[in-house]
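Below is one structure, written out as structure tokens, with a few remarks after it.
The values are calculated or read from the model by the stated rules, or taken from the named source; none is laboratory data. Note that the structure is a prediction, hence the values are computed from the model and not measured. With ideal geometry, Cβ positions are generated from the backbone for all residues, glycine too; neighbour counts draw on all protein chains shown. Surface areas here come from the heavy atoms of the whole protein model, side chains and all, with no ligands, DNA or RNA. Shrake-Rupley method; radii C 1.70, N 1.55, O 1.52, S 1.80 Å.
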Amino acid sequence: MKILVAVKRAIDYNVKARPKADGSDVDLANVKMSMNPFDEIAVEEAIRLQEAGVASETVAVSIGPKQCQETLRTAMAMGIDRGILVSSDDEVQPLAVAKLLKSVVEKEQPELVIVGKQAIDDDSNQVGQMLAALLGWSQGTFACGVELDGSESLTVRREIDGGIQTLDLKMPAVITTDLRLNEPRYVKLPNIMKAKKKPLDVIEAGETGVDIKPRLVTLKVTEPPVREGGVKVEDVNELIEKLRNEAKVI
Amino acid sequence: MERESMQFDVVIVGGGPSGLSAAIRLKQLGLSAGKEISVCVLEKASEIGAHILSGAVIEPRSLSELFPNWAELGAPLHTPAGKDRFLYLTKKRALRLPTPPQMHNKGNFIASLGNLCRWLAEQAEELEVEVYPGFAAAEVLYDAQGVVKGVATGDMGLLEDGTEGPNFERGMELHAKQTIFAEGARGSLTKTLFERFDLRSESDPQVFGLGIKELWEVEPSNHKKGQITHTTGWPLDTKTYGGSWMYHFDDNLVSIGFVVGLNYRNPYLSPFEEMQRFKTHPAISSVFDGGKRIAYGARAISAGGFQSIPKLTFPGGMLVGDTAGFLNLPKIKGTHTAMKSGMTAAEAIFESLEDTQSISNEVTGYRQRLEGTWLWDELKKVRNIKPSFHWGLFPAMAYSAIDTYILRGRAPWTFAHKADHEGLLPAERCKPLDYPKPDGKLTFDKLSSVFLSNTNHEEGQPCHLTLKEASVAIDTNYKIFDGPEARYCPAGVYEYVEEGSGPRLQINSQNCVHCKTCDIKDPTQNINWVTPEGGGGPNYPNM
């Protein structure tokens, strides 16, 4: 069985994101970029399935500028067999990503696609679902447990409000990973060296025939409003007075 | 558990300006001689440049020697140095002093050294240097004859008690014919080498300053691109060495920083609070009206200069850059000298690799070559200026003027340095300093500052700030010096917490910005800074 994993190059989770002075976007100049943490979990899960002898080949795909090759190399250093970059310097929004992934899936013919449930930069949480719909495949989103039952079906446990839901999915399927699925491994130095020699193909987004024109327009990026400090009230009467006249809620 | 190992010709510990310059020069020399040299650079930061902090006004002399066409290649030096101002501050006033000749900056550039390192790393990788950020060299390796044979990276995934966690990965051994230590000021491995090879027997101790920096985005109307301001005087008293910088560069960016000599006497002094207070000076504060602080960080620098240069080579390895200490203090620049030392080390190693006759594993040619470069003359000339500040600010300024203008660095004497940690006076002999509360607009507290350094350490790992003797924290540091680490640490790592049984030292190691001040200033040298898990520490952008 072949597994395809999608990895996004996103702002590092330790970095404090900051809007550009003109409010057009988040300022990413010389800011540390890393693999989206949910995608790291996806990579780890694919490698574990391969180590368990369930998967025969693992492929990582990333969409974006040429620096995404570093993200693919990280995936390969963790243990993914090879990488594909769908190269595009233009903005790619979730629908375009799902369509580009679909074109990669059609070429690569994997039985399972694992993606992070969302990226920590735009928090869209759309690609996995849209990809499953475009492919007409089963989907197990927010997975916290994945078990393959032979080659026909798999069991996915998913985190929902108030508990864990267990799904029986028919293959082929798309899985999106939640935080508790696994803890990604450390990358070992010799594996980074080996990853440099693993195959990495580059496809131009323009040559896939997919329309990647943005559908959404960003109006403005701003800091969240500063929360004002609270005040202490002397007694209940003052509280009621403030609720009535200042907050106007009673 | 056995470690895996790999063999290189040269392993370089540290991906700063000196380490990367050494790597690049080695590859360039190999390329022109048609010889394959394998070079590996280890960097403890999560990416190259993430632990680099500097003013910075950069003198491009070494860069031009390394890459004559650096502008064409896109080196990130975009703002030529403009007008220089040197101010003496009193509490309310600013007196313009003549700019000392060493501080003239014509031909230099205001830039982010972190970004320059990011660029240098790209050039190094183009030349097939293996650059590995995220891996800390944690241990020096020796062969049976006591020759340095390389370094080992730290284990990953250890639990707080030092046992192996579920994701444990053993570190790796990197073996090399020569190991270059380019760790920056007060390198943790260099420190062990000083002891093992007695590298300080013929030099003065190293002395340090702590530099604290903030990066601001200011209102366009307050931005004077290229302007360079340095100050001395207030808020420090005349017995404490230090001063500030303020550089306007790029698009509405202002780099502002404050350096305090770590030989200060009063244990109540807080370099962080001095920096905050400094910004409130009327000659300074208006620049930041309506501006926004976007980054914060701190780093110790080596300030000893010529007489503190240690023995630079030992069997199997050598020291380059600020871990050896090539900063030119009166010029307040060290990037060009750090790079030059790295390049010179590379040339000496290349020569020794060519020389198959010799069996010596100590490349003494490095020091000989260095003595023949402009770096040596430059540092020798200014050697008496920093030590003269022992006499206080005004006598030192008078001496510096005589030394610079009349003696021109050719004085027949050389003043000596004393180690910084010996300088602290007992608390009972000093007055507590009263620092104003932060306003959250121009001045800030430590925690909101550390927040802007993007510092992170993987949770649950062993504390990397080790105490040789735990009881010394209370018996000496607290009882005699009133807990100075709580004030000199610019990241709020050290806290004395009052408990029922008395005070207890709490070490918030996850806040550590790797400035090394505790390792330097701790009065009994009880604090030993060791490398945390690779990838930990600050993530400085544009610093």
Positions within the stretch B:426-452 being within 10 Å of another protein chain (Cβ to nearest Cβ) and touching a helix residue (DSSP H, G or I) at 6+ places or on another chain (Cβ under 9 Å), in sequence order:
B:Gly440
Just wondering, is there one or more residues in the stretch B:490-497 that are crowded, with 21+ Cβ neighbours inside 10 Å, of a type in the set (Ser, Thr, Tyr), within 14 Å of chain A (Cβ to nearest Cβ) and not in a helix (DSSP H, G or I)?
no
State the number of residues belonging to the stretch B:126-138 that are among the β-branched types (Val, Ile, Thr) and within 11 Å of chain A (Cβ to nearest Cβ).
1
Close pairs from the stretch B:369-384: first in contact (Cβ under 8 Å) with a residue 40 or more places away in the chain, partner surrounded by fewer than 17 Cβ atoms within 10 Å (Cβ to Cβ), Cβ under 7 Å, at least 6 apart:
B:Arg383/B:Thr414
Just one listed residue, out of A:Glu207, A:Glu234, is closer than 19 Å to A:Gly83 by Cα, away from every other protein chain (no Cβ under 13 Å) and without any contact (Cβ under 8 Å) to a residue 60 or more places away in the chain, and it is A:Glu207
Residues of the stretch B:333-359 classified as modelled with pLDDT of 95 or more and among the acidic types (Asp, Glu), total
1
Restricting to the stretch B:370-394, what's the tally of residues that are under 19 Å from B:Thr335 (Cα atoms) and in a helix (DSSP H, G or I)?
10
Is at least one residue of the stretch A:198-208 in contact with a strand residue (DSSP E or B) (Cβ under 7 Å, 6 or more places away or on another chain), closer than 30 Å to B:Glu459 by Cβ and surrounded by 10 or more Cβ atoms within 10 Å (Cβ to Cβ)?
no
Over the stretch B:1-35, the set of residues buried (at least 24 other Cβ atoms within 10 Å of the Cβ) and part of a strand (DSSP E or B) is B:Val10, B:Val11, B:Ile12, B:Val13
Across the stretch B:85-125, what is the total count of residues that are within 14 Å of chain A (Cβ to nearest Cβ) and in a helix (DSSP H, G or I)?
11
Here is a list of conditions, (1) open to solvent by less than 20 Å² (accessible area, probe 1.4 Å); (2) in contact (Cβ under 8 Å) with a residue 60 or more places away in the chain, and B:Ala348 meets all of them except one; can you say which number that is?
(2)
Could you give every pair whose Cβ atoms fall below 7 Å, whose first residue belongs to the stretch B:479-501 and is free of Cβ contacts under 8 Å to residues at least 24 places away in the same chain, and whose second residue is among the aromatic types (Phe, Trp, Tyr) and open to solvent by less than 40 Å² (accessible area, probe 1.4 Å), counting only separations of at least 6 or pairs across chains?
B:Ala486/B:Tyr494
Would you be able to say whether some residue in the stretch A:170-185 is crowded, with 16+ Cβ neighbours inside 10 Å, touching an Asp or Glu at 6+ places or on another chain (Cβ under 6 Å) and within 14 Å of another protein chain (Cβ to nearest Cβ)?
yes
Would you check if there is a residue in the stretch A:213-225 being within 14 Å of another protein chain (Cβ to nearest Cβ) and either surrounded by 10 or more Cβ atoms within 10 Å (Cβ to Cβ) or out of contact with any Asp or Glu (no Cβ under 8 Å at 6 or more places or on another chain) (or both)?
yes
Residue check: is B:Tyr296 closer than 17 Å to B:Leu442 by Cβ, surrounded by 24 or more Cβ atoms within 10 Å (Cβ to Cβ) and outside the structural domain of B:Trp376 (by TED's automatic domain parsing)?
yes
Would you confirm whether any residue within the stretch B:139-155 is within 14 Å of another protein chain (Cβ to nearest Cβ) and either of a type in the set (S, T, N, Q) or surrounded by fewer than 21 Cβ atoms within 10 Å (Cβ to Cβ) (or both)?
yes
Which of (1) within 14 Å of chain A (Cβ to nearest Cβ); (2) free of Cβ contacts under 8 Å to residues at least 40 places away in the same chain; (3) on the phi < 0 side of the Ramachandran plot is the odd one out, the single condition B:Thr455 does not satisfy?
(2)
Checking the structure you have, find out if any residue of the stretch A:76-89 is among the β-branched types (Val, Ile, Thr) and modelled with pLDDT under 95.
no
Tell me, yes or no, whether the stretch B:43-62 has at least one residue that is touching a Pro at 6+ places or on another chain (Cβ under 8 Å), within 13 Å of chain A (Cβ to nearest Cβ) and not in a loop (DSSP other than H, G, I, E, B).
yes
